[in-house]
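**Student:** Please see the structure below; I have some questions.
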Amino acid sequence: MTTSISPYQNDIARYWNEEERPVNLRLGDVDGLYHHHYGVGDVDWTVLDRPAAERDQAIIDELHRLETAQAEVLLGALGYVGAEDRILDAGCGRGGTSILANARFGCHVDGITLSSKQAAFANEQARRRGVADRVSFHVGNMLDTGFTAGAYQAVWNNESTMYVDLMDLFAAHSRLLKRGGRYVTITGCYNEVYGQPSKAVSTINAHYECNIHGRSEYFRALAANRLVPVEVRDLTPLTIPYWELRSKSSVATGIEEPFLSSYRDGSFQYLLIAADRI
């Protein structure tokens with residue numbers, strides 16, 4: 001697929017083509033579902049009491065369970081998806097959520113990423129699972145996919161909206177969705193009630209080379225592009241335990257404290273937003 005990308009998007013493609021963080025790879029190695037997002041749910045804190053020889057892997061297994069639970073929460077917000085429907089994972093990473101979506105709905109899934117390395121990796125995972133005829137991953141720009149207008153029953157972003165302009169993104173998704181189709185995102189956003197982005201939010205931006213949006217920006221951009229919210233869920237309390245456990249793990253990267261401090265002081269929120277295309 002050939003689509004236009006900006007110099008910034010070239011930088012993002014480079015970033016993810018070079019990325020080999022254990023926090024993504026070791027967790028995916030647990031069961032072959034490679035996610036590029038965080039987790040939600042109650043932690044089984046007994047993993048910290050395991051014998052030293054088992055403790056690290058037990059923590060990895062638990063972190064992976066929590067991130068898979070996050071993906072299932074997102075998929076549960078997509079509404080009805082039939083086996084012959086087509087759905088789109090925008091900013092698909094190494095493809096874990098797409099593979100879960102196919103297993104859940106039996107549908108056709110397209111994933112799109114700027115990273116050729118991620119797309120190749122994800123396509124190999126689909127091949128190994130015997131679903132390559134239903135799940136495919138493409139190198140391209142989610143703002144300019146080249147896919148057929150109105151072809152998708154559902155589109156989602158799982159922690160990938162911070163790499164693009166929201167007006168451009170939701171215009172692109174609105175074009176691809178059928179009338180009555182569903183858009184869902186799980187995303188971190190800064191809370192304008194707090195004021196300007198906090199120091200911790202700025203640290204997260206620098207760490208991931210991204211641009212976290214304000215909460216209200218999502219709703220303005222959705223409304224401008226015929227996407228009407230049907231569900232808004234604050235997942236912040238559900239993700240804090242994941243970060244607390246990750247901070248005690250061998251795959252901690254040092255970014256855990258900015259996430260925890262900003263979630264706790266209210267300057268950062270972890271939201272699920274579902275909207276219908278009218």
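The values are calculated or read from the model by the stated rules, or taken from the named source; none is laboratory data. Everything quoted here is computed from the prediction, not taken from an experiment. Reconstructed Cβ throughout: ideal geometry from the backbone, glycine too, with neighbour counts over all protein chains shown. SASA here: full protein model, heavy atoms, side chains in, ligands and nucleic acids out. Shrake-Rupley method; radii C 1.70, N 1.55, O 1.52, S 1.80 Å.
**Student:** Report in % the part of the accessible area of region 172-250 that belongs to carbon and sulfur, leaving out ligands and nucleic acids; probe 1.4 Å. Each step should come with its number before you reach the end.
**Tutor:** Working: 1790 of 3500 Å².
Carbon and sulfur atoms account for 51 percent of the accessible area of region 172-250.
**Student:** A follow-up question, please. Tell me, rounded to the nearest percent, the portion of alpha carbon pairs in region 10-74 spaced more than 14 Å apart.
**Tutor:** 61
**Student:** Taking H placed 1.01 Å from N in the peptide plane, check which residues at least 5 places from Tyr34 or on another chain put their amide H under 5 Å from its amide H.
**Tutor:** Gly96
**Student:** Follow-up. Based on the Cα atoms of the chain, what semi-axes does the equivalent ellipsoid have, where each is the square root of 5 times one gyration tensor eigenvalue, given in whole Å with the largest first? Can you show the working numbers first?
**Tutor:** Numbers: eigenvalues 152, 104, 64 Å².
For the chain, the ellipsoid semi-axes come out as 28, 23, 18 Å.
**Student:** Working with all protein chains in place, sort Tyr15, Tyr218 by solvent-accessible area computed with a 1.4 Å probe, largest first.
**Tutor:** Tyr15, Tyr218
**Student:** Would you calculate the separation in nanometres between label points at Arg50 and Val232, each defined as 7 Å from the Cα along the Cα-to-beta-carbon direction?
**Tutor:** A separation of 4.0 nm, rounded to one decimal place.
**Student:** In Å², and per residue, what accessible area does the chain have when probed at 1.4 Å with the other protein chains present?
**Tutor:** About 40 Å² of surface per residue is accessible.
**Student:** Could you tell me which helices of the chain pass both thresholds, a Cα extent of 24 Å or more along their own axis and a mean Kyte-Doolittle hydropathy of at least -0.5, with helices taken as whole DSSP H runs?
**Tutor:** Details: long enough: 52-76 (37 Å, -0.16).
Result, helices passing both filters: 52-76.
**Student:** How do Trp243, Trp16, Trp45 rank by accessible surface area computed with a 1.4 Å probe, from largest to smallest?
**Tutor:** Trp45, Trp16, Trp243
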